[in-house]
1. Once the piece of chain linking Asp36 and Thr134 is laid out straight, how much longer is it, given 0.36 nm per residue of separation minus the C-alpha distance between them?
2. What list of ³J(HN,Hα) values in whole Hz, one per residue of the stretch 113-119 in order, does the Karplus curve 6.51 cos²θ - 1.76 cosθ + 1.60 (θ = phi - 60°) give from phi, with Gly and Pro shown as x?
3. How much mean residue ellipticity at 222 nm does the chain get from its helices, if each DSSP H run of length 4 or more adds -39500 (n - 2.57) and you divide by all residues, to the nearest 500 deg cm²/dmol?
4. Please report how far the C-alpha centroid of the stretch 131-169 lies from that of the stretch 20-52, rounded to the nearest whole angstrom.
5. Quick check on the stretch 191-233: take the gyration tensor over C-alpha atoms, sort the square-rooted eigenvalues as a ≥ b ≥ c, and tell me if it's rounded (a/c under 1.5), prolate or oblate.
6. With the Cα gyration tensor of the chain giving a ≥ b ≥ c as the square roots of its eigenvalues, does the rule (a/c under 1.5 for rounded; else a/b larger than b/c for prolate; else oblate) give rounded, prolate or oblate?
7. How would you rank Thr70, Thr45, Thr62, going from fewest to most other Cβ atoms within 10 Å of each one's own Cβ?
8. If I model a spin label as a point 7 Å beyond the Cα along the Cα-Cβ vector, how far apart are those points for Lys178 and Thr69 in nm?
Amino acid sequence: MATRAHQASAAPVASVVRGRIEQSTERLWRLEDFRDLSPAAVAQTLSRLARAGQIERLSKGTYYRGRQTTFGPSKPSPAAVQQLAGRRKPIFPSGIAAANLLGFSTQIPARGEVATTASSLPRKLIGADAVIHTRRPAAWAGLSEIDAALLDFLRRGGQTSELPPHETIRRTVALLRKDGRFDRLASIAATEPPRVRAMLGALGKQMHANGRTLDALRESLNPLSRFAFGLFASLPNARAWQAKERRP
């Protein structure tokens, strides 16, 4: 009798869970998304749907309903992953994903690429084929997604931009001018590679930034070093900020 009663109560739960998932767009699902239902029945239903291929199990108690794309099944967006896995481990878009977020590219990467301050991230949640850049400076933990994406973009010398060099520089300066972003990034520049500090200095000079801030950036550089600026070598003052000479 108890077993029949359990089956009877579980059946409506399974129907409710399945209905909510089928009516949703692509998103992450967790047990707490069904607080009004029996946890045991919900867990059983989610597990059953995963075995049937209707949702994907990412980690214990975490599932993902995706959609088919040109490159195969979709993966959770960096924002969704950050909301879930990044509660104690900040996660930021990297590579083409960062360029896309900043408006330098319209490409959608075939596989995820993220950066984090953590030493590791759960592969099942991020994606087995995702590129993960770990151990970013602890200072990144206090940055916004845009701030971190811009630092990632500078680390790559703007090479992920689809825009011409002059337009890439114009947009980068515009991003640095907004909401005090240049001063904020310059304040943590000591944790960045020297080439990033040099590029920030050249960009800051271009936007007529505070002289003391520029002096601090210059003093942090070895005057004998030369740095690969990538697309930012087109800055008028790139050589003055120790950029390597561009090859024709």
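1. Length gained between Asp36 and Thr134: 31.5 nm.
2. My calculation for the stretch 113-119 gives 9, 9, 10, 8, 7, 6, 7 Hz in order.
3. -13000 deg cm²/dmol
4. 36
5. Oblate, because a/c is 1.5 or more while a/b does not exceed b/c.
6. prolate
7. Taking fewest neighbouring Cβ atoms as first place, the list is Thr70, Thr62, Thr45.
8. Between Lys178 and Thr69, the simple spin-label model gives 2.2 nm.
Rule-based calculations on the coordinates, nothing more; no lab input. Predicted model only: the values in this text are computed from it and were never measured. Every residue, glycine as well, gets a Cβ built from its backbone with ideal geometry; the counts of neighbours run over all protein chains shown.
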